[in-house]
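Asks: I'd like to ask you about the structure that follows.
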Amino acid sequence: MTQIDTVKKQLTELRKKVNDGKIYQSLGTEVGTIIDNVKKVRLTKVNLATDDDEFLDTLNGLREQNHEQQLTDISDEDLVLMLSHIGSTNPNVRDKGVYFFFSELLEFQVLSKEQLSLSFNYLSQDQVMFAHILEPKNNAIFKRSFSLLLLSTVLYGDQAGYFFLDSDRLNDFVIQFATYMVLETDTRGFIKSNGWAHAFTHIGNVIDELCKRDDLSRADKLFLMTVLIERYKRLDTPVIFGEPQRIVAFLSSLANKNELYSNYLLLQLKSWRSYLMTKFQPQTESDWNLIFNHGRLMQTILVRDDFPEEIMKYVATGENFFS
């Protein structure tokens, strides 16, 4: 069994306990243990597409047809070709190319229900979502991160009228996404000439779309929020490219839905502060990053000022706690 398979198994068992009502307050501790036991492996070669220029020609032709309202459908072959280029290090291919055009296809309802399903399957497979994820920072971050960005768009499309995602596939994806959050540690935002990586912003997009769904249980929403917080609190490199704003927007949305979520979030925030107390006399750059990542997120909560009163009071009392 691979390390990724082990994490999936552990999260599946933990998720069942949450949904069965057998675990609540200790959920964060158990998720944290899973995260802490993940081991990095040596870097291997990241294989990138070598036909970016040729692909751009094809893509630009399709976009021109779409802008002239002459594109009524797209072949499965062209769709898969697009998706296979989300890992390009060229932002004109990956970001301004594939992501923008995919969004246009969805907006203009060019994609069929079957093609949205095909896209979901392609983007959520292990080879894409977990590409080189256990290795030191590498160029596969673009494939992983942009698979999430497109998945958030696909999830939106499902709820906007495509309705292709049945309960079994949704259940499988909850574990797939939770596993991604456990394993991802690359906090890079904008990377020189390669453009946006932004994994933790895209995590915010996906978790927000999932937790808006009425067919996702409250227990699953608590489970996903916990995995996100436990991962975020352990990030020991700077998270400084707008990710706190996106994460806090999600937390605000969920906390304001129901007292259950706000009470649990408050519990998690208190646990987070206790966790940082172990670093109260930071000795390393990593220690300081843990503290400042927390501080930026708390400051973002204060600036939004739209959380339930008890959360706002608690965060305000700790505003200068680590200064």
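The values are calculated or read from the model by the stated rules, or taken from the named source; none is laboratory data. Everything numeric in this text was worked out from a predicted model, so none of it was measured. Please note: Cβ atoms are built from the backbone with ideal geometry, for glycine as well, and neighbour counts cover all protein chains shown. Only protein heavy atoms, including side chains, enter the accessible area calculation; ligands, DNA and RNA are left aside. Shrake-Rupley method; radii C 1.70, N 1.55, O 1.52, S 1.80 Å.
Asks: For the stretch 44-59, what are the residues that are exposed (fewer than 13 other Cβ atoms within 10 Å of the Cβ) and either assigned to a helix (DSSP H, G or I) or in contact (Cβ under 8 Å) with a residue 60 or more places away in the chain (or both)?
Replies: THR44, ASP53, GLU54, ASP57
Asks: Could you list, in sequence order, the residues of the stretch 60-83 that are over 13 Å from SER119 (Cβ atoms), open to solvent by 50 Å² or more (accessible area, probe 1.4 Å) and modelled with pLDDT of 90 or more?
Replies: Correct list: ASN60, GLU64, GLN65, THR72, ASP73, GLU77.
Asks: Listed residues LEU150, LEU111; which is surrounded by 19 or more Cβ atoms within 10 Å (Cβ to Cβ) and assigned to a loop (DSSP other than H, G, I, E, B)?
Replies: Being surrounded by 19 or more Cβ atoms within 10 Å (Cβ to Cβ) and assigned to a loop (DSSP other than H, G, I, E, B) holds for just one of LEU150, LEU111, which is LEU111.
Asks: Restrict the check to the stretch 84-99 and report whether at least one residue is touching a Lys or Arg at 6+ places or on another chain (Cβ under 8 Å) and either within 25 Å of ILE229 (Cβ to Cβ) or part of a helix (DSSP H, G or I) (or both).
Replies: No, that holds for no residue.
Asks: Go through the stretch 168-274 and tell me which helices (runs of 4 or more DSSP H), entirely inside it, have 2 or more residues that are open to solvent by less than 20 Å² (accessible area, probe 1.4 Å) and within 24 Å of ALA316 (Cα to Cα).
Replies: 218-232, 243-255
Asks: Please enumerate the residues belonging to the stretch 294-321 that are more than 18 Å from SER252 (Cα to Cα) and open to solvent by less than 60 Å² (accessible area, probe 1.4 Å).
Replies: GLY318
Asks: Tell me the residue from VAL41, VAL18 that is surrounded by 13 or more Cβ atoms within 10 Å (Cβ to Cβ), under 30 Å from ARG234 (Cβ atoms), of a type in the set (A, V, I, L, M, F, W, C) and within 25 Å of the chain's Cα centre (by Cα), please.
Replies: That would be VAL18, the only listed residue that is surrounded by 13 or more Cβ atoms within 10 Å (Cβ to Cβ), under 30 Å from ARG234 (Cβ atoms), of a type in the set (A, V, I, L, M, F, W, C) and within 25 Å of the chain's Cα centre (by Cα).
Asks: Before we move on, is ASP208 under 21 Å from PHE100 (Cβ atoms), of a type in the set (Asp, Glu) and at pLDDT 95 or above?
Replies: Taking the combined requirement at face value, the residue satisfies it.
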